[in-house]
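Q: Below you'll find the structure I mean.
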Amino acid sequence: MFSKYTKVAVLCGLLAIILTLSLQLSKTGQINPASEVCELNSASCEFLIENQVIRLTFEPFPVQLEEEIRLKAHLPSGWQLQSGAIEGVNMYMGRIPLITDGQNSGVFFLGSCSEARMQWQLLLEISTQNGTRYPLMVHFITER
């Protein structure tokens, strides 16, 4: 039927197509919402869920220890910030709640610890107008 070289060429072509498609999907932000993670390198993070842009802004930035940090979720109409909590990654600091105000924003306070450079993860849950809930994760670092 097909020679060994033809089979190899077809397999290489299929692999090239799969790689090209996966690169295109990652460039457009079409990522599984259950695995949405943002590395906070500026004052905001953006996510794409159900073809809607979700933007989170932090003030002040960079995130400071022992200061009130305000989080604002810029969501499509009818979507809601449900809950949030912060956890230490490189050191256990308990589960620090995000105190929400019902207006898609909230505040949190981070305590100082013995680590000079602390890694954190903020776990959020948002809901769409039809009640579907999505988890979001934001990683950030504080330094003292």
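Q: Could you please find all residues in the range 48-67 being part of a strand (DSSP E or B), out of contact with any Gly (no Cβ under 8 Å at 6 or more places or on another chain) and not basic (K, R)?
A: Scanning the range 48-67 gives I49, Q52, V53, I54, L56, T57, F58, E59.
Every residue, every condition in (1) hydrophobic (A, V, I, L, M, F, W, C); (2) surrounded by fewer than 13 Cβ atoms within 10 Å (Cβ to Cβ), yes or no:
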site: V53; (1), (2): yes, yes
site: T57; (1), (2): no, no
site: E68; (1), (2): no, yes
site: L75; (1), (2): yes, no
site: V89; (1), (2): yes, no
site: D101; (1), (2): no, yes
site: G106; (1), (2): no, no
site: F109; (1), (2): yes, no
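Coordinate-derived values only; no laboratory data. Keep in mind the model is a prediction, meaning the values are calculated, not measured. Backbone-built Cβ (ideal geometry, glycine too); neighbour counts: all protein chains shown.
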